[in-house]
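So the structure is just underneath, and the comments pick up after that.
The values are calculated or read from the model by the stated rules, or taken from the named source; none is laboratory data. Because the structure is a prediction, the values reported are computed rather than measured. Positions of Cβ are backbone-derived with ideal geometry, glycine not excepted, and every protein chain shown enters the neighbour counts.
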């Protein structure tokens, strides 16, 4: 398996400006046994012609037309034609480090099935990187460097969508791209977690992640905040929720309210606490907001924390630790 083929799956739509840099970075990989399954998702610019030229020059690049509509069906189309022992995804507007495939294949050769090969990521943009993306990059890279990604899976997507690789048998085990749930990258990360795959730590920056105003994750409704919260609640109730414990929501801001509404929709009982004195004692969705001291009256609870402020999170964490509560068992940060 040491020099086995890696299948690189790439959906694209109207990324003509970025495709040459993306494909050049793949062609220049130090690891040579790869195939690209690149799927046109109804492009209207010159993207198709650009990829067609590359495919004519390198037989390892196979240009396909999406059999459906959207990223998920494009990825399904690509995977159906793939033949590699290793599976990875790439975005058509990003750039691979020259040793990306080599490093990931080496990690999987060392660890074998049951593992996810990862690499550190670096955002770049012609107009500068906004603070939120920089924080996400730092947070994500800190997890990847330790291989502790799943310890914080309810915060954000812990697996960078264009910078992972798994053995085909593991991809089949988690049902691959056969889920029609958006955001598809976060859903896949949860399924990796659900099926017990382990993350291999990495200290190598392997992926340059391009940011720009019309990037899909910025503009597509499937990547809106509510979609993420719905996905988190779905998997929390499936994988982590203990109905024998009292469920507590901490925070009554926008996210806290959305979480509360999703739980009420599913008829899941909960206690709702917050730190805002203007809200304590009032009712939202017919649920009374309590002070955090309410926790002292609940010996056996699980808490979903929807508070985003880092100082407030630190204070909340102090309270949990003082009570001997355990992360990913008794409390879960959702932001």
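Taken as a whole, segment 123-135 holds at least one residue that is in contact with a helix residue (DSSP H, G or I) (Cβ under 6 Å, 6 or more places away or on another chain), closer than 20 Å to residue 202 by Cα, surrounded by fewer than 21 Cβ atoms within 10 Å (Cβ to Cβ) and touching a residue at least 60 places away in the same chain (Cβ under 8 Å).
Going by what's in this entry, would residue 74 be described as closer than 19 Å to residue 163 by Cα and in contact with a helix residue (DSSP H, G or I) (Cβ under 8 Å, 6 or more places away or on another chain)? In short, no. Between 171, 177, the distinction of being in contact (Cβ under 8 Å) with a residue 40 or more places away in the chain and part of a helix (DSSP H, G or I) belongs to 171 only. Scan segment 138-153 and give yes if some residue there is assigned by TED's automatic domain parsing to the domain that holds residue 15, without any contact (Cβ under 8 Å) to a residue 12 or more places away in the chain and more than 23 Å from residue 69 (Cα to Cα), otherwise no. Yes, the conditions are met somewhere in segment 138-153.
Helices (runs of 4 or more DSSP H) fully within segment 1-106 that include at least 2 residues being out of contact with any strand residue (DSSP E or B) (no Cβ under 7 Å at 6 or more places or on another chain) and either outside the structural domain of residue 119 (by TED's automatic domain parsing) or crowded, with 18+ Cβ neighbours inside 10 Å (or both): 71-80. Just one residue in the set 182, 154 is buried (at least 19 other Cβ atoms within 10 Å of the Cβ) and modelled with pLDDT under 95; that residue is 182.
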